[in-house]
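These notes are about the structure you will find just below.
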Amino acid sequence: MCGRVALYSPPARLAAFLAAAEGLSFANDDREAWTEGHPSWNVAPQRRLYGAKEVDGDRVLERYRWGLVPSWAKDPKIGNKLFNARGETVAEKPSFRSAFTKRPLVIPVDAFYEWDHRPGKNKQPNLFTRVDGDPLLLAGLFEYWRAPDDKESELTVTCTIITTEPNDDMDEIHNRMPVVLELDDVDVWLNVDEHPPDGRSLLLRPAPNGTLTHHGVGSDVGNVKNDGAHLIEPFPDSL
């Protein structure tokens, strides 16, 4: 499960890291309208994430509401449940299979949080980042949705983060982890014309051990109303 992330790098840095152009949602450099609280150290589903997709052979960084709404959905509230997709079933599940085939996304974040589920431990949140300090590139999908009773309504663009089994870096804190891509994987993941679903499915695996590091943080991150750099500061582990 991945239901909370930190996203405080400026979009220009993430676009440069991914060799992507900033898309229409960055038009006129209207950062205030786009940010909705970013930079944020406490981003939850239904907030905005960045995502890089491929358009005519080029990568474009856009913004997406976190919580995928399939195009056939009658009610967009289904997105409240579809903020994650399991890598083992994403190609078959009706909610995700079309997006997996046609609309892959790379979602860059600075960190993600997981709550400790180990027996005998308090459910303390832990912050996971890359050991090398680079942004985390998470495998995702995106979808377009329009209200079925209003064909003239604006398209809503949503996304989900794909999860897989944990590697050793998770320290058994949780039984799932997001799929973390390397830069060399991005072209394969995004290029649906040259890389069929079966080939791209091979990327839906745990990151190599040693990719991530983590430390305990305070309980304030559990409330989505709290934000600020203090949320990622180390907090003593406790039983």
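Note on the chain: the C-alpha convex hull projects to 13.2 nm² when averaged across all orientations. Remark: the R176-R13 segment gains 55.9 nm on full extension, using 0.36 nm per residue and subtracting the alpha carbon distance. Annotation for D132 and D184: the two label points, set 7 Å from Cα along the Cα-Cβ direction, are 1.0 nm apart. In straight-distance terms, cross-link reach from K151 covers every one of the lysines whose alpha-carbon lies under 19 Å from its own, apart from those fewer than eight places away in the same chain; here that gives K74, K77.
For W72, W41, the sequence from fewest to most other C-beta atoms within 10 Å is W72, W41.
Sort I232, I162, I107 so the one with the fewest other Cβ atoms within 10 Å of its own Cβ comes first.
Values: I232 20, I162 26, I107 29.
The most exposed by this proxy come first: I232, I162, I107.
Taken together, the values in this text are just the output of simple stated rules run on the coordinates, not laboratory data. If you're wondering where the values come from, they're calculated on a predicted model, not measured in any experiment. Counting neighbours? That spans all protein chains shown, and the Cβs are built from the backbone with ideal geometry, glycine included.
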